[in-house]
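Peer 1: Here it is, the structure in full.
The values are calculated or read from the model by the stated rules, or taken from the named source; none is laboratory data. Just so you know, these numbers come straight off a predicted model, no measurement behind them. With ideal geometry, Cβ positions are generated from the backbone for all residues, glycine too; neighbour counts draw on all protein chains shown. These accessible areas exclude ligands, DNA and RNA; they are computed on the full protein's heavy atoms, side chains included. Shrake-Rupley method; radii C 1.70, N 1.55, O 1.52, S 1.80 Å.
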Amino acid sequence: MASTALLLAGLFADLGPPPPAGELVPGTVVSVEADRSGRPALALVRIDAIDGPVFCGIDRRAFPGEHVPPPQTRMTVDYTPTACAPAPVSRELPRWLLLSMGGGGLALVVAYLRRAGPITRGRFMEAWTRGYIGRGA
């Protein structure tokens with residue numbers, strides 16, 4: 001059942017990144033601010049907005065793995081007049097992985113059922129009377 005669900009999720013799931021809150025604009029990390037312990041905590045980013053250059057601070061928690069990029073790094077920024085953040089990135093499993101896991105599991109189930117033979121009324125009743133099915137009831 002799970003392999004069929006993975007196969008269907010791989011075929012029909014929308015795996016794109018979430019929509020941005022504002023507009024995606026290019027930016028450059030100007031400087032990196034450290035916290036009290038000396039770890040990078042904030043990236044000061046210069047954004048090339050329509051109104052002109054804007055400076056914006058992005059906290060390390062907004063970056064993947066909480067790794068603040070070094071100065072002079074070019075990046076795409078999700079900019080609104082009140083805030084900014086790194087561009088949204090899809091954190092979903094890739095489609096090819098879902099398809100291969102679902103297809104592989106489905107192939108294993110089909111191979112097992114083919115090797116086990118068809119479940120007929122006679123085979124079912126024989127397994128029932130031997131106690132292979134319904135033992136806990």
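Each row is one residue, and each column tells you yes or no for (1) touching a residue at least 24 places away in the same chain (Cβ under 8 Å); (2) in contact with a Lys or Arg (Cβ under 6 Å, 6 or more places away or on another chain); (3) open to solvent by 50 Å² or more (accessible area, probe 1.4 Å).
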residue: ASP78; (1), (2), (3): yes, no, no
residue: THR82; (1), (2), (3): no, no, yes
residue: ALA85; (1), (2), (3): yes, no, no
residue: PRO88; (1), (2), (3): yes, no, no
residue: PRO94; (1), (2), (3): yes, no, yes
residue: GLY104; (1), (2), (3): yes, no, no
residue: VAL110; (1), (2), (3): no, no, yes
residue: LEU113; (1), (2), (3): no, no, yes
residue: ALA116; (1), (2), (3): no, no, no
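Peer 1: Has region 21-42 got at least one residue that is within 26 Å of the chain's Cα centre (by Cα), modelled with pLDDT under 90 and closer than 30 Å to GLY104 by Cα?
Peer 2: no
Peer 1: Sticking with this structure for a sec: Within region 43-58, identify whether any single residue is touching a helix residue (DSSP H, G or I) at 6+ places or on another chain (Cβ under 9 Å) and at pLDDT 90 or above, and answer yes or no.
Peer 2: Checked region 43-58: at least one residue is touching a helix residue (DSSP H, G or I) at 6+ places or on another chain (Cβ under 9 Å) and at pLDDT 90 or above.
Peer 1: Here are some conditions: (1) assigned to a helix (DSSP H, G or I); (2) more than 30 Å from THR4 (Cβ to Cβ). TRP96 meets all but one. Which one does it not meet?
Peer 2: It is condition (2) that TRP96 fails.
Peer 1: Still on this model: Can you pull out every residue in region 49-76 that is of a type in the set (D, E, K, R), in contact (Cβ under 8 Å) with a residue 12 or more places away in the chain and loosely packed, with under 14 Cβ neighbours inside 10 Å? Write out each step before concluding.
Peer 2: Going through region 49-76, the residues of a type in the set (D, E, K, R) turn out to be 51, 59-61, 66, 74.
Within this subset, residues satisfying the condition of being in contact (Cβ under 8 Å) with a residue 12 or more places away in the chain are 59-60, 74.
Result: ASP59, ARG74.
Peer 1: Now for a separate question. Residues in region 76-94: is at least one touching a helix residue (DSSP H, G or I) at 6+ places or on another chain (Cβ under 8 Å), under 17 Å from ALA34 (Cα atoms) and of a type outside the set (D, E, K, R)?
Peer 2: No, every residue in region 76-94 fails to be touching a helix residue (DSSP H, G or I) at 6+ places or on another chain (Cβ under 8 Å), under 17 Å from ALA34 (Cα atoms) and of a type outside the set (D, E, K, R).
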